[in-house]
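The values are calculated or read from the model by the stated rules, or taken from the named source; none is laboratory data. Keep in mind that what you see is a predicted model, and the values were worked out from it rather than measured. Cβ sites come from the backbone with ideal geometry, for glycine too, and all protein chains shown count toward neighbours. Note: accessible area is taken over every heavy atom of the protein model, side chains too, but ligands, DNA and RNA are not part of it. Shrake-Rupley method; radii C 1.70, N 1.55, O 1.52, S 1.80 Å.
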Amino acid sequence: VRPITILSDYGLADEFAGVVHGVIARLAPEARIIDLSHGVPRQDVQAGALMLLRALPFTPPGVHLAIVDPEVGARRRAVALRCAEEDRLLVGPDNGLLMEAAERFGGVVEAVEISSSPWRLEPVSATFHGRDLFAAVAARLAAGEPLAEAGEPMDPADLRRLTLPRPEALPGGGLLVHALHVDAYGNVQLDARHDDSRSAGLELGAALRIAGQRARFVRTFADGERGELLLYEDAAQMLAVAVNAGDAARLLGLRSGDEVRITPA
Amino acid sequence: VRPITILSDYGLADEFAGVVHGVIARLAPEARIIDLSHGVPRQDVQAGALMLLRALPFTPPGVHLAIVDPEVGARRRAVALRCAEEDRLLVGPDNGLLMEAAERFGGVVEAVEISSSPWRLEPVSATFHGRDLFAAVAARLAAGEPLAEAGEPMDPADLRRLTLPRPEALPGGGLLVHALHVDAYGNVQLDARHDDSRSAGLELGAALRIAGQRARFVRTFADGERGELLLYEDAAQMLAVAVNAGDAARLLGLRSGDEVRITPA
Amino acid sequence: VRPITILSDYGLADEFAGVVHGVIARLAPEARIIDLSHGVPRQDVQAGALMLLRALPFTPPGVHLAIVDPEVGARRRAVALRCAEEDRLLVGPDNGLLMEAAERFGGVVEAVEISSSPWRLEPVSATFHGRDLFAAVAARLAAGEPLAEAGEPMDPADLRRLTLPRPEALPGGGLLVHALHVDAYGNVQLDARHDDSRSAGLELGAALRIAGQRARFVRTFADGERGELLLYEDAAQMLAVAVNAGDAARLLGLRSGDEVRITPA
């Protein structure tokens, strides 16, 4: 029996996540379930895709269910995928949510369209595919049933992919980056890595301007002084902005998707 | 060993739900625990009863613990119940919280008053019966001890029931309904079903007015245009109001319990 | 295999708590995990320490992981501790977070500094020790590996401790107390017990002033009338302030850490 991880934008106020657990427990009573988070910002597919990418390398191989599905009930496909590495199976809507994580594990080697899966719970509701379709398919896969029987085979090349922002070098030096994610501490993950900052001539220890404010490029935010604005490499090996003992997103008024200019001071 | 589901209004900011897990893990280490939700609106017994009703048909049979208990420490009874169907056991306060779910499983065939249960944790606090009473009783039942030993037998006819609102046909056509539940997406579940709308002359595809606003009666909210106000059947087979890619509760200023008029346009 | 409990200030919006589960599930697939709460107020070490103290007596003995770590990446030690009683192991930062719970179980009899633990996940990030250090150490201990192999031995006397507030008798009668914790219902736990109130001449049933407002000292908040301000003993056997069917913290404008005067009316 494989473990199942779940990521969704259901939140925890409603019973949605609990019902997904219930469906899995009926169909695969032995499967361990790990909630990665149900706190993806509502219907934000990109945020969910990046959260899945950050989390999966630290989970056991198994079935990875992800549900951020603004087009539920419309024409979007539902899919189950096998990655090239580590026998990881991904289940969710075909809207790009699964694809960053899939690339991390060598890409998709087998794809199945599951909208009419023989494993679905009838009657399939128009709005709660997490319960009626995705949970049921994830549970059967966890219990060891073959992926090919989950639905109709499809060409992995037809899967939808996200277009993620990319950092750009600024003409006068520095980087134009984007806020990928604001965590609950107010730390802001950017779409850049150490390689990008090095190429743009930004060195560890340097004084910077971030969105116009004085800042410093440090190894960890604990290296800064209380209240200081800092650029550092976060736990996902992405560059991030923080305020020591403070909230960088609030200080800079940043939300995920926003552009940020980082320049030498 | 039976699985245990938990529903409560404890929220997740405090350690209350974790402590309930702890008590169960001490008394029934093998029992699987499924959190349905700890996000029932504070002390809203009706909201909890409806959430339990929506969730339980999708969970495995077992012990179903529910705690929304504004009268804790006062005179209300605490009870453990056996349903007629599927060997489902319900544990919680006798304030109506358990009874909608009980009806769904054929009604109550055995009821036990557990306020002085021999299984309670001494000293029983005046405020945290979830820990000292309900979790302990649920754990023992999950471990296979007989319901009759949980406390004193009582007549199921004496259990308290909720009076739920019912939709009414409006004289000029249409329905007067009530908002039962607002989910985290802002979708509003109503106390009406397709049968009610048909009786009131409202047909799928029809143009409507909901709380005075132009709306349409569709199969699923994905059938509407972006921003359109919609009436549809939700995943619990209840009629519901949504805005495609929006928040219907906010648009209409609706909270659970509010009256809503649905009329032909 | 020992069970593992987790307490943190990670919240549930991000994937942090899920990733900690993932790391444990990889290293100790058989270990049961109990989330006590991830809702400790951000970086509030005292609040976390008190939450751990309230919860642990109700959990099975095992490994107790706690992460509220404002100094992560700075010089603070990371530790794993064995308590004198019940074979309880505590894992977390050496900032006082673990010590109230440790005292509850007879104090620390073995302490190990784990910052350079051979069990850590390389590369250890500067910011997510919950993932790279604490979860890995907790998992190995749960799987039965010896505490002494988790890192370098240290003297338990060198562990950092919190200085908690203490109630003071007021010259004219009554008590000066402190708000330790505001729960999600708005009930305010104080740093006083029945012994303190008795010493200060406050008797059960008495009319009081709390922060200047008329109040009553009752056995349980259900003994008060609707809307009445009440002093009572809470489920952790601490004195607490509540409003029957209301929110005492909001009424009195209290936050954790605030001083509160309780005097005879």
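List, by residue number, every residue in segment A:228-242 with a reduction of 30 Å² or greater in accessible area between the chain on its own and the complete protein assembly, 1.4 Å probe.
Buried-area filter returns A:A235.
Suppose R0 equals 25 Å. What FRET efficiency, 1/(1 + (r/R0)^6) with r the Cβ-Cβ distance, do C:L170 and C:E203 give to the nearest 0.05?
0.95
Along Cα-to-Cβ, 7 Å out, sits the label point; list in nm, shortest first, how far the one on A:E149 is from those in the other copies.
4.1, 4.2
What distance in nm lies between label points placed 7 Å from Cα along the C-beta direction at C:A157 and A:Q43?
For C:A157 paired with A:Q43, the spin-label model returns 6.4 nm.
Have a look at A:L176, A:A142, A:P156 and report the one farthest towards the positive end of the charge dipole of segment A:110-206, computed about the Cα centre with Cβ charges (Lys/Arg +1, Asp/Glu -1).
Sorting the options by dipole projection puts first A:L176.
Counting only helical runs of four or more DSSP H residues, what would the 222 nm mean residue ellipticity of chain A come to if each run contributes -39,500 (n - 2.57) and the total is spread over all its residues?
-5000 deg cm²/dmol, from helical runs alone.
For segment A:1-151, give the percent of accessible area contributed by carbon and sulfur heavy atoms, probe 1.4 Å, rounded to a whole number.
Solvent-exposed carbon and sulfur of segment A:1-151 make up 48 percent of the total.
Quick one: which residues, 5+ away or cross-chain, put their amide H under 5 Å from the amide H of A:L180? H built at 1.01 Å from N.
Those qualifying (amide H under 5 Å, at least 5 residues apart or on another chain) are A:Q189, A:L190, A:D191, A:G257.
Report, please, the projected area of chain C averaged over directions, based on the convex hull of its C-alpha atoms, in nm².
For chain C, the mean projected area of the Cα convex hull comes to 14.7 nm².
A drop of at least 30 square angstrom in accessible area, chain alone versus all protein chains together, probe 1.4 Å. Which residues of segment C:10-28 meet that?
Hits at the 30 Å² cut-off: C:L12, C:A13, C:D14, C:E15, C:F16, C:G18, C:V19, C:G22, C:A25, C:R26.
Once you keep just the Cα pairs under 8 angstrom separated by 6 or more residues, what percentage relative contact order results for segment A:168-208?
For segment A:168-208, the relative contact order is 35 percent.
Using amide H atoms built 1.01 Å from N in the peptide plane, name the residues 5+ places from C:V79, or on other chains, whose amide H lies under 5 Å from its own.
C:G92, C:D94, C:I114
³J(HN,Hα) across segment B:56-67 via Karplus (A = 6.51, B = -1.76, C = 1.60, θ = phi - 60°), whole Hz, x for Gly/Pro?
Couplings: 4, x, 9, 9, x, x, x, 9, 10, 8, 9, 9 Hz.
If you roll a 1.4 Å probe over the heavy atoms of the protein chains, what accessible area per residue do you get for segment B:135-200, in Å²?
Solvent-accessible surface per residue comes out at 46 Å².
List the distances, in nm and shortest first, from the label point of B:E203 to the matching label points in every other copy, placing each point 7 Å from Cα along the Cα-to-Cβ direction.
7.8, 7.8
Quote the relative contact order of chain B in percent (integer), defining contacts as alpha-carbon pairs under 8 Å separated by 6+ residues.
The normalised contact order for chain B reaches 15 percent.
Please work out whether segment C:72-169 counts as rounded, prolate or oblate from its C-alpha gyration tensor, where a ≥ b ≥ c are the square roots of the eigenvalues and a/c under 1.5 means rounded, while otherwise a/b larger than b/c means prolate and anything else oblate?
Taking the square roots of the gyration eigenvalues as a ≥ b ≥ c, segment C:72-169 is oblate.
Can you give the charge dipole size of the protein assembly as shown about its Cα centre, rounded to the nearest 20 debye, using +1 on the beta carbon of Lys and Arg and -1 on the beta carbon of Asp and Glu?
In total the dipole reaches around 1080 debye.
List the accessible area buried at the contact between C and A, summed over both sides and calculated with a 1.4 Å probe, in Å² to the nearest 100.
Separately minus together, C and A give about 2300 Å² buried.
Name the GluC sites (Glu not before Pro) in segment B:204-243 that are in a loop by DSSP and that have at most 13 other C-beta atoms within 10 Å, would you?
B:E225
If you take the beta carbon distance between C:Q237 and A:V1 as r and set R0 to 41 Å, what does 1/(1 + (r/R0)^6) give as a FRET efficiency, to the nearest 0.05?
0.45
When a/c reaches 1.5 or more, the comparison of a/b and b/c decides; with that in mind, is segment A:14-134 rounded, prolate or oblate per its Cα gyration tensor?
Because its axes are fairly even, with a/c under 1.5, segment A:14-134 counts as rounded.
Could you work out the relative contact order of segment C:87-190? I mean the mean sequence separation of Cα pairs under 8 Å and 6+ apart, divided by the number of residues, in percent.
About 27 percent, as a whole number.
Which of the listed residues, B:S199, B:T59, B:A25, is farthest toward the dipole's positive end in chain B, when Lys, Arg count +1 and Asp, Glu count -1 at the beta-carbon?
Value computed over the given set: B:S199.
Tell me which residues come under 5 Å, amide H to amide H, from B:I67 once H is placed; ignore anything under 5 positions away on its chain.
Here the answer is B:L7, B:S8, B:D9, since their amide H atoms fall under 5 Å of that of B:I67.
Just to confirm the filter: which trypsin sites (Lys or Arg not before Pro) across segment B:16-101 are DSSP coil and have at most 10 other Cβ within 10 angstrom of their Cβ?
Here the trypsin sites (Lys or Arg not before Pro) that fit, given the DSSP loop and packing criteria, are B:R75.
Is segment A:1-69 rounded, prolate or oblate when judged by the Cα gyration tensor, a ≥ b ≥ c being the square roots of its eigenvalues, rounded requiring a/c under 1.5 and prolate requiring a/b larger than b/c?
It comes out oblate by the Cα gyration axes.
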